[in-house]
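Encoded as structure tokens, the structure appears first; notes follow it.
The values are calculated or read from the model by the stated rules, or taken from the named source; none is laboratory data. This is a predicted model, so every value here is computed, not measured. Note that we place each Cβ from the backbone using ideal geometry, even for glycine, and neighbour counts take in every protein chain shown. Protein only, heavy atoms only, side chains kept; ligands, DNA and RNA dropped before computing areas. Shrake-Rupley method; radii C 1.70, N 1.55, O 1.52, S 1.80 Å.
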Amino acid sequence: MAAQSSPPHRTYPLGIFSPRLWGAHALVVIFVTGAVLLGVWQYQSSQQDKQDQVAELVHAEPKPFTDLIGPNDAFPWEQIGRPVTVSGIWMPEETIFIDGMERGSQVGFWAVTPVLVEETESAVYVVRGWTPEVGTAPPAPRGHVTVTGWLQPSDWTDVADDRKSDNIFPQLDVSDLISRTSYDLYSAYMVRSPVEDDWPASAMPVNDGATDVADVPAPQLPEPEATTGLRNLLYAIEWWLFGVFAIYVWWRYLRDTLRGPDESDDDEDGEDTMPTPENAPQESHVPSKA
């Protein structure tokens, strides 16, 4: 008895470039592109939510400086970049300049003068603003002041101060300034904020002597809440996963189509189990009766 032969497999000479597959290619390109773009849009929305919250925190109602930090307290990192108001007396003789500070395309100096905080014996350095040259900086202000600004932590880098005899420093490191002033210092400094019409600080009294230099933005801004923009971020991840799933479905479709149905059946059924002469049952020979 002749063995049965399998029907020939269908073949596609052009493979994945076969015209019958162009529709699948176009569909996956359109879907994946859309998923990627929608994911990017949602991600950008999540980042914008964070930026909006930071802008809101930076321009929040200023709090009293002494309510956030004491003379011997460590810096309150959860309050970084928050608006604060401090009242006290300018100490112009303690004015210093911070070198290498950029403003746009120019490099100049921060003009920094401490304020002896009211009802304490400690001082806080206040960045009054930016100046292109030390020699052209306006004189430090005098007298009583109530100034509004952003709370900042002490700077620290590995840059050494090679000029110990002048009042120019490479950074505003409070620990380095303690030994060069006659006052106890807070573990923070302030960056004077500009007076803006749409911000509560516009109603705060600001010493005129602190406005003769260019405004300086806060170096470090407050951190947004961890959950801010989380929903949009999850939507972005979801869209990107949809794109990955579409690629997987497309790949499976191509694989099954190019292999052909007969080849798929062979893979699932395994080896041919048709009887062979070796394993076919032997005929029994029963002797006939005479």
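In the range 20-136, the portion of solvent-accessible area held by carbon and sulfur atoms comes to 57 percent [1.4 Å probe, whole percent, DNA, RNA and ligands not counted]. Once the C-beta distance of LEU241 and ALA60 is scaled by a Förster radius of 22 Å, the resulting FRET efficiency is 0.05 to the nearest 0.05. HIS144 contributes an accessible area of around 110 Å² to the protein surface, as traced by a 1.4 Å probe with all chains present.
7 Å from Cα along Cα→Cβ at both LEU68 and THR146: what's the point-to-point distance in nm? Going from the LEU68 label point to the THR146 one covers 1.7 nm. Taking label positions 7 Å along the Cα-Cβ direction at both LEU221 and SER18, the computed distance is 5.5 nm, reported to one decimal. Need the full-extension length gain, THR136 to GLU78, defined as separation in residues times 0.36 nm minus the C-alpha distance. One decimal, nm. That works out to 17.2 nm of additional length. Measuring with a 1.4 angstrom probe and ignoring ligands and nucleic acids, ASP67 comes out at about 110 Å² accessible. Over all distinct Cα-Cα pairs of the range 63-128, the Kirkwood formula returns a hydrodynamic radius of 13.4 Å. If you look at the Cα atoms of the range 16-150, you get an Rg and a Dmax of 26.1, 85 Å. Amide hydrogen proximity for ASP184: with H placed 1.01 Å from N in the peptide plane, the residues at 5 or more positions away or on another chain lying under 5 Å are ALA123. Among 58-65, 147-154, 89-96, sorting by the average number of other beta carbon atoms lying within 10 angstrom of each residue, highest first, gives 147-154, 89-96, 58-65. Of ARG192, ARG103, the residue with the largest accessible area leads and the full order is ARG103, ARG192 (1.4 Å probe).
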